[in-house]
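FYI, it's all coordinate maths here, none of it is from the lab. Just so it is clear, the structure is predicted and the values come from calculations on it, not from any experiment. Cβ sites come from the backbone with ideal geometry, for glycine too, and all protein chains shown count toward neighbours.
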């Protein structure tokens, strides 16, 4: 399938609250903590082609206290590669495979001589508005909103939220984190919450 999306950086709490109120008036939220890892071959052949192979461990979490339900984990393999489209949007071919239950999935990936190149985490609120998906992410570098769907609907929602096309970001989290690290002089190569280290399945 073809995935079309943008990211929007939220810079103040009031703006975030307004976006959440709009989403809650039209949809019921799903709360999910996502622990993502990107893999590549030793020669970086995937990165050089702007493709990714990702393993996602997804958990339910409570929005009241951010407590993660470790028993709720499921895994999803995702392959993405560039697709033709408007360069102002992130447009990718996407194939996903869901794995139920706790499985030794990292070992399975490494058996293909793939190595982990980036580890990133986010607390995600998911809202569905007809064929459009709004994702509100709390990340180690702040709040970011993703809108996925048809370009016209993305434009309408972005405008509703007070953004213009000049605000659209078509980078993935790997690239955003590298920019953030460079700007602030952060040493960690991974976008993770230190307080969660060693606590996940």
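Which one of 67, 96, 153 has the biggest mean-square fluctuation once the chain is modelled by GNM with Cα springs under 10 Å?
Per the Cα network of the chain with a 10 Å cutoff, 67 tops the list.
Take every Cα-Cα pair in segment 45-132 and report what % of them are more than 22 Å apart.
Roughly 42 percent, rounded to a whole number.
Mean-square fluctuation check for the chain, GNM, Cα pairs under 10 Å: which of 128, 15, 119 is largest?
For the chain, modelled as a Gaussian network with Cα springs under 10 Å, the answer is 15.
Please report the relative contact order for segment 68-126, taking Cα pairs under 8 Å with a sequence separation of at least 6, and give it as a percent rounded to a whole number.
The value is 31 percent.
Only helical DSSP H runs with n ≥ 4 go in: add -39500 (n - 2.57) per run for the chain, normalise by residue count and round the 222 nm mean residue ellipticity to 500 deg cm²/dmol.
-6500 deg cm²/dmol
At a Förster distance of 30 Å, what's the computed FRET efficiency of residue 26 paired with residue 199, Cβ-Cβ distance as r, to 0.05?
Efficiency, rounded to the nearest 0.05: 0.30.
Taking 8 Å as the Cα distance limit and 6 or more residues as the minimum spacing, I'd like the relative contact order of segment 1-83 as a percentage.
So the answer I get is 24 percent.
Pulled fully out, how much extra length does the chain show between residue 41 and residue 106, if you take 0.36 nm times their separation in residues and subtract their Cα-Cα distance?
Between residue 41 and residue 106, full extension yields an extra 22.0 nm.
Run the quick spin-label model on residue 17 and residue 180: label points 7 Å from Cα toward the beta carbon, then report their separation in nm to one decimal.
Between residue 17 and residue 180, the label points sit 2.3 nm apart.
How high is the relative contact order of the chain, given as a whole-number percent (alpha carbon pairs under 8 Å, six or more residues apart)?
Result for the chain is 27 percent.
Between (1) 23, 19, 16; (2) 34, 17, 12; (3) 26, 21, 18, which entry matches semi-axes √(5λ) of the Cα gyration tensor in Å as derived from the coordinates of this structure?
Recomputing semi-axes √(5λ) of the Cα gyration tensor in Å here picks out (3).
Could you work out which residue, out of 186, 95, 147, moves most in a Gaussian network model of the chain, that is, has the largest mean-square fluctuation with Cα springs under 10 Å?
186
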